[in-house]
Every structure is written in structure tokens, then in C-alpha cells.
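In what follows, a structure is listed as C-alpha cells, so that the remarks can point back to it.
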Amino acid sequence: MARTTPHDHPPAEGPLYRRIAQELLGELRDGTVPPGERLPGERRLAGHFQVSRETVRQALELLRRDGLVATDRRGSHATLPGLPVETPASLTFPVGARAATPGTVARATVTWEPPPPDHAEALGLAPGRPTLIHRYRYATADGRGLRTAATSFSAVALAEVEELARYRHRADGTATAQLRRAYDWMRRAGLTLHHRDAITRVASTPSVRVTRRVHDQYARPLEITDLVVDAQQDALVYEFTLPGRHGEPTVSRPPATAG
């Protein structure tokens, strides 16, 4: 008999623990839980999937039997091979994202709702039509260096990028959503990314707004992001690659400030 894994079973079939194993495996594969990183405890996983701890325990055991999760003194952790990081620094998602460090707070969530009118127009969505919206907030403990970003995804992105579409069913605005590999997912789906960033001042404030629009090789819109940065306390740094004299890439890192 051929060996099966949770990934071989449609999520709508089989016992509940197998379906939870399938959903957890999806989060491991899309990088929500990086390889080698410790998984949340059984209680948190039970709350996340809205099931009992016993169901979570059975799902983890299924993943352990298939070598996808290992358990040691640190707890359970993912053992899937790491995904290659293909996204250049200039295309980190969302634009302006920063890693959380001691003394800072970084939070990202997703919702399924109608986007702002300007986002809907840019994405070709009918007024009032809902889509996946990603919200990001970063700030130091004292509130300085505040950054907020809101991203709306197009119907094309959700139709062609499986990892993004998966978030529709858990877009309640409360669970943490790590979409930092969003551009890698788009590339693996066969999309060539083109982006345009516009920087403007926010009226009557010391902040600046960065609006990023991303489309594919067929000029179809994929996403639009509005990032607002407190320009008095922070600065944006863009990193991009220019063709070298003999075709070899050279890297330039000019800072973009609001001064």
C-alpha cells in the first residue's frame, strides 16, 4: 500500500484531525511557520483551528509519522526544507516591513472585505466587491517610528496564487498573518512582477505615504499597498539592482528620506 501524507487528502474529506493536519501542513509549506521554528503549543493551535487539544494532538502525530514535524525538548517544530528566498530587498512584503526587535511591535492581519475605493479602482474590482486585505503595523514601544501599511489583492492574484487564496477562509482580522513570502509565491505561480512606487506627503502631518502598485507580465494588477511612515522619526531605504557594465549586477542602496 502506498504511503500517504495529509497533503494527499482533500481538506473536505476524512476525519477532523486529518483535515487539521492538512491545514497545518499548508501553513508549514507557505512559510507561515519557517522550517525549524517551534510550533505554537497545543492550546494555541486548538484555539487557532477551533478544535479540541486532542484533535490537535492527533494531527501532530500524523505529521510526525510522515516526518513533517519533529518533537524534542523544545517542543514540536517544522522539518520541511526551507524555501529559497527569491525576493530582492526592494520587494519585501509589505513595502516598508521591518523585523520585530526588542522594544518594537510588529503585527500583521488579514480581512475579507471591500477595499478602499482607490484600491478597488486600481485592481479593477467592482465597488463593494470584497477581497483579501492585509494590514501591517510597526512601532517602537514609545510609539516612535510608526509605520502602517494596508494591501489589497486583486482577483487575479487570488485566482493564481494558491498560498494567498488559502487565507480567505481565515481572514477574520484577528489571527496573525505572515505574508512576507507573498512575492515569492507570485513568482512560483509563474508571474513576473513589475512594481511602481509613488512617494507623497500626507497633508497636515509630518508623515509620507508610499503607494506601491504591482502588476504581472500581462499588465494585470496583482496588489496595491499604501504605507504611511512618520518621516520625523524614520526614513525609508530602497535597495535595488542595476545592470553592470558587462551584464553583471551591481547593487545601489540610496536612502529615501522625507526631508
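Any residue at all in the range 191-204 that's within 17 Å of the chain's Cα centre (by Cα) and within 14 Å of LEU158 (Cα to Cα)? Checked against the condition, which is being within 17 Å of the chain's Cα centre (by Cα) and within 14 Å of LEU158 (Cα to Cα), the range 191-204 yields at least one hit. What are the residues in the range 91-109 that are assigned to a strand (DSSP E or B), of a type outside the set (A, V, I, L, M) and either in contact (Cβ under 8 Å) with a residue 60 or more places away in the chain or surrounded by 16 or more Cβ atoms within 10 Å (Cβ to Cβ) (or both), if any? Hits for the range 91-109 are ARG107, THR109.
Inclusion of LEU222 among residues that are surrounded by 15 or more Cβ atoms within 10 Å (Cβ to Cβ), assigned to a loop (DSSP other than H, G, I, E, B) and at negative phi is not warranted.
The set of residues in the range 129-144 being open to solvent by 10 Å² or more (accessible area, probe 1.4 Å) and not acidic (Asp, Glu) consists of ARG129, PRO130, ARG135, TYR136, ARG137, TYR138, THR140, ALA141, GLY143, ARG144. Assessment of the range 122-135 against the conditions (out of contact with any Ser or Thr (no Cβ under 9 Å at 6 or more places or on another chain), over 22 Å from VAL228 (Cβ atoms) and among the hydrophobic types (A, V, I, L, M, F, W, C)) yields at least one matching residue. Among residues of the range 110-128 that are crowded, with 18+ Cβ neighbours inside 10 Å, those with a beta-carbon under 8 Å from a residue that is part of a loop (DSSP other than H, G, I, E, B) and of a type in the set (Ser, Thr, Tyr) at least six positions away or on a different chain give the pairs LEU123/SER154; LEU125/SER154.
The values are calculated or read from the model by the stated rules, or taken from the named source; none is laboratory data. Source: prediction; values computed, not measured. Quick reminder, even Gly has a Cβ in these numbers, built from the backbone with ideal geometry, and neighbours come from all protein chains shown. The area values use the complete protein model at the heavy-atom level, side chains included, leaving out ligands, DNA and RNA. Shrake-Rupley method; radii C 1.70, N 1.55, O 1.52, S 1.80 Å.
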